[in-house]
Amino acid sequence: MKNIDWNNLGFEYIKTDCHVRSTFKNGKWGRLGIHRKDTITMNVAATCLHYGQACFEGLKAFRCKDGKVRIFRPKENLKRMNDTASYIHCPQLPESMFIRAVKKAVSENIDFVPPYGTGGSMYLRPLLIGTGPRIGVAPGDQYDFIVLAIPVGAYYKGNIKPVDAVILDDYDRSAPRGTGHIKMGGNYAAGLHAHSLAKKMGFPINLYLDSKTRQYVDEFGTSNFIGITRDGKYVTPDSTTILPSITNKSLTQLAEDMGIPVERRPVAFHEIADFAEIGACGTAVVITPIGRIVCGNKTFEYDSEKCGPVLKKLYDELTRIQYGEIPDRHGWLMEVE
Ligand code: PLP
Ligand code: COI
């Protein structure tokens, strides 16, 4: 075990023992290697640098109650990464390589997996980048697939403590657009200005409306949107410009298991005034309750002291499955040998 203050981990880059990497050259993927240095070298004309040919994923491994380490739904991340890869013309990742890579990234950094009971987990960050040179607008012919493994705690300070959100109006260039339906680096770059503007204004999280009409809720900068109605329904936006969240997909399944009605449909902006509870959901943020949403001179208030009862029940169910405290009834966990 590494000498780390496990109970006070945030969501920051920490250098671990190694990352795993494979290079695609001459039309095929090479051997998965283990790299101890946390730097890479590439051609100055690499397509990831010039044309943003880069995408990533985020998933977690958990030290479960029985001491074993398990990864949550890695095949879902592989599917989404391959969707993004085809969109930006990167080669597809074979399932066997992806699974071996995430398992290897965990097992080679096993001493960095936070102990059971600390609330921490190991965040896995698969990354796929064009590393071949091109100067005309065209995809390159060399790619690197990398998996980083980093111990993390809560993304927003204080686990499951409400945070305030802001909707930035379209007075600056990047705020009006969300991160889009694929996990491409450049989409996040377009949101970085909005993120830092929100932070400067004292809001840890920002919420995007749909960029075309600004009449509908899209998603948060880091996560999907969940609204719980006063009569206890789970409502989440149906939109082509949000990331299809694996956490949201899992939570809707758990909600259905609990008899909570689920509605995936366009969510009008004016509806946010009527929700009993609002939450952000994603791998990094798990479920983060929203205390207030500020939009210009309007403020929508929820419970800013504690998580509402429906979201809390869902949070407990999801995290109990992830930490192996209750049976994995949907087969979501993959053991790391
Ligand atoms: N939306 C955005 C913009 C995200 O960055 C993420 C995180 O990956 C999500 C939603 C949640 O997706 P997931 O639950 O698959 O982590
Ligand atoms: C994740 O939840 O995995 C993400 O990529 C979101 C990001 C805010 C870290």
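The values are calculated or read from the model by the stated rules, or taken from the named source; none is laboratory data. Quantities reported herein were computed from a predicted structural model and do not represent experimental measurements. All Cβ positions, glycine included, derive from the backbone under ideal geometry; neighbour counts span all protein chains shown. We work out accessible area using only protein heavy atoms, side chains counted, and drop any ligands, DNA or RNA first. Shrake-Rupley method; radii C 1.70, N 1.55, O 1.52, S 1.80 Å.
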Checked against a 26 Å limit on the C-alpha separation, the offending pairs among LYS60/LYS212; LYS157/LYS313; LYS104/LYS312; LYS75/LYS183; LYS2/LYS103; LYS15/LYS249 are LYS60/LYS212; LYS104/LYS312; LYS15/LYS249
For a protection proxy built on the mean count of beta-carbon atoms within 10 angstrom, sort 126-135, 269-278 highest first, please. 126-135, 269-278
Let me understand the stretch 6-152 better: what is its radius of gyration from the alpha carbons, and its Dmax, in angstrom? 15.8, 54
Let me know the volume per residue of the alpha-carbon convex hull for the stretch 163-322, in Å³. 105 Å³
Loop-located GluC sites (Glu not before Pro) in the stretch 1-102, at most 12 other Cβ atoms within 10 Å (DSSP): GLU12
Quote the relative contact order of the chain in percent (integer), defining contacts as alpha-carbon pairs under 8 Å separated by 6+ residues. 19 percent
Whole-Hz Karplus couplings 3J(HN,Hα) for the stretch 7-15, θ = phi - 60° and coefficients 6.51, -1.76, 1.60, Gly and Pro as x, run 6, 10, 5, x, 10, 10, 5, 10, 6
Which of the trypsin sites (Lys or Arg not before Pro) across the stretch 42-75 are loop residues per DSSP, with 14 or fewer other Cβ within 10 Å? LYS65, LYS68
Taking the chain as a Gaussian network, where each spring joins two C-alpha atoms under 10 Å apart, which residue of GLN53, GLN322, GLN92 fluctuates the most? GLN92
Among 201-207, 2-8, 16-22, the order from most to least packed when residues are scored by Cβ within 10 Å on average: 16-22, 201-207, 2-8
For the chain, give the magnitude of the charge dipole about the Cα centre (Cβ charges: +1 Lys/Arg, -1 Asp/Glu; no others), in debye to the nearest 20. 920 debye
With a 1.4 Å probe and all protein chains left in place, how much accessible area per residue does the chain have, in Å²? 46 Å²
How large a share of the accessible area of the stretch 163-322, in percent, is made up of carbon and sulfur atoms when the probe is 1.4 Å and the other protein chains stay in place? 51 percent
What order, most packed first, do the peptides 296-305, 189-198, 310-319 have when packing is the mean number of other Cβ atoms within 10 Å of each residue? 310-319, 189-198, 296-305
For the stretch 6-152, which whole percent of the accessible surface, found with a 1.4 angstrom probe, sits on carbon and sulfur atoms? 51 percent
Compute the Kirkwood hydrodynamic radius of the chain, taking the inverse of the mean of 1/r over all pairs of distinct Cα atoms, and give it in Å to one decimal. 20.7 Å
Restricting to DSSP H runs of at least four residues, report the calculated mean residue ellipticity at 222 nm for the chain, -39500 (n - 2.57) per run over all residues, nearest 500 deg cm²/dmol. -6500 deg cm²/dmol
